[in-house]
1. Show the residues, 5+ positions off or on another chain, whose built amide H is closer than 5 Å to the amide H of residue 236.
2. Give me, ordered by chain and number, the residues 5 or more places off residue 297 or on other chains with an amide H under 5 Å from its own placed amide H.
3. In whole Hz and in residue order, list the ³J(HN,Hα) couplings for segment 414-426 that follow from phi through the Karplus curve 6.51 cos²θ - 1.76 cosθ + 1.60, θ = phi - 60°; x for Gly and Pro.
4. Compute the normalised compactness of segment 22-113: alpha-carbon radius of gyration over 2.2 N^0.38 Å, N being the residue count.
5. Using a 1.4 Å probe, what is the accessible area per residue for segment 1-142, in Å²?
6. Work out how much length residue 219 to residue 284 would gain on full extension: take 0.36 nm times their residue separation and subtract the Cα-Cα distance, in nm to one decimal.
7. Just need the relative contact order of the chain here, percent rounded to a whole number, with Cα pairs under 8 Å and 6+ apart.
8. Keeping the other protein chains in place, figure out the carbon and sulfur percent of the accessible area of the chain, with a 1.4 Å probe.
Amino acid sequence: IADAKLPANFAWGLSSSAYQIEGAAKDEGRGPSIWDLLSHRVPGQVADDTNGDILGQHYYLYKQDFARLKHFGTPWYSPSISWPRIFPFGHGPVNEEGLKHYDDVIGELVRLGIKPAVSLFHWDTPLALFNEYGGWTNKKIVDHYVDYAKFIIKRYDEHVPVWFTINEPQYCNWQYKYYPAGTYYPSYGVPPGDQARFLCGHHTLLAHATVAKWYHEEFKGKGRITFKNSGNYFEANSSSSADAAAVSRSYDFVLGWFGGPWTDGDYPKSLKDTLGDILPKFTDNEKKLIKGSCDFYAIDAYTAYYVGALPNNGVEACAKNSSAPGWPECVEQSSNSPAGFGIGPGADLGASWLKSTPGGIRKFLKAITKDLFPKVPDIMVTEFGFSEPFENDYTTIQDAIWDLRRADYLQGYLDNILLSQTVDKVNVTGAFVWSIFDNFEWGSGAKVRFGVQYLNYTSLERTPKASMFQVLNWFRAHGGTFISDSGN
Ligand code: GCO
């Protein structure tokens, strides 16, 4: 591995999302999103009662943030654009100030020679659409999303080589376990109940596919377009056929739910057999629309689970040895419901397991591209990162930026991505580290820090951590492209 090299066009850099880093939540015409409601009005939805109102204030500090990226030499940056900044009511009047802001943001990246891989939607659903008709559980959102996406793509496509339509539709079904049971599936504002989460997933697929088809067939866009999946590597608890079946069921309910429609034009058989009428049906036209609607596979991969079979097709996914840092101790994610779709982000096998095995990510990339979706032309790891519950307790900046376990974790991840490419011959074409700096971690609020730069929440100062330099050193050692720090 020491002297293995990446292909010259390997896309690498840092990633983020609008609500998590921008702040300025009430400024310059932005309309409220579901996350303004959840963080301000739903007790317990955010563990430390923080919100995205201020935090990193990237909205006002993006020039210095990008100047730092330029200095690091990272060739790509993967942000998201905030729908409610463009259409404060979700549809209807455009907010010119929000539009000008993203003109400036995209313009600054272009000026510095940093390529943007832009997400059109990263969970900040305009609250108006939620109030008007229930947001993603209502098919009306497809047209409103498509209007928004086309508007943005028309404006910026010449500068944006890679578009992500939707971030992690899997979160239609997942709720971070620290949310009070029975509340919303917060990331998409989906109310409790089996039907709602699968309506949400159905509409994200229709929204994505409508934009993707338009992008290639009408707009004739020059870039590539897909959606970002969230998923984790599943390892069978034992060599029993029951556990092997539990693994394949887990992949069906997490990745097949969305990967099936775009590779085969329909949901996996296990979902249809198990969910029956809970699972919406595609018309023949919709199947044609969705099939082939992604240009490559994008996976946000953070962890891995051991998986065992439970009675009546249930699945128990849990980290047996979650001694590793990262998310809190494993809560038995056993879902005895026949669907086995209770799998959600929970236990984290974390650095030690991912690195020691060697690395869930290498096995995961192989599982996705060789077993699950062999027709996929290439794959990007569009988010990967690491956090430790105690990082908010540091009292000195020196302690906070000496994040050796994150550095070790990211090194191990990158080593395994390179092994996947050079040894397993998986066509990995990109890797974006989550995240540019510590930010609002949804249900964990400001308590959980994923940044490779430390954010002082009071002074707003950003300080690169050891892990940032580890990532830069790794790409220097393995042929990563760097943009020159010349004055241009
Ligand atoms: C996700 C989201 C990010 C998270 C990150 C850390 O994958 O959950 O895309 O917004 O902040 O993954 O949990």
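1. 307
2. Residues meeting the criterion, in which the H sits 1.01 Å from N, are 378, 379, 380.
3. 5, 4, 6, 5, 5, 4, 4, 6, 7, 9, 8, 6, 7
4. Values: Rg = 14.8 Å, N = 92, 2.2 N^0.38 = 12.3 Å.
Normalised by 2.2 N^0.38 Å, the Cα Rg of segment 22-113 equals 1.21.
5. Result: 34 Å² per residue.
6. 21.0 nm
7. Rounded, it is 18 percent for the chain.
8. On the chain, the fraction of accessible area on carbon and sulfur atoms equals 55 percent.
The values are calculated or read from the model by the stated rules, or taken from the named source; none is laboratory data. Treat the numbers as computed from the prediction; the structure is a model and nothing was measured. Because the Cβ atoms are built from the backbone with ideal geometry, glycine has one as well, and the counts that use them run over all protein chains shown. Calculation scope for accessible area: heavy atoms of the full protein, side chains included, ligands and nucleic acids excluded. Shrake-Rupley method; radii C 1.70, N 1.55, O 1.52, S 1.80 Å.
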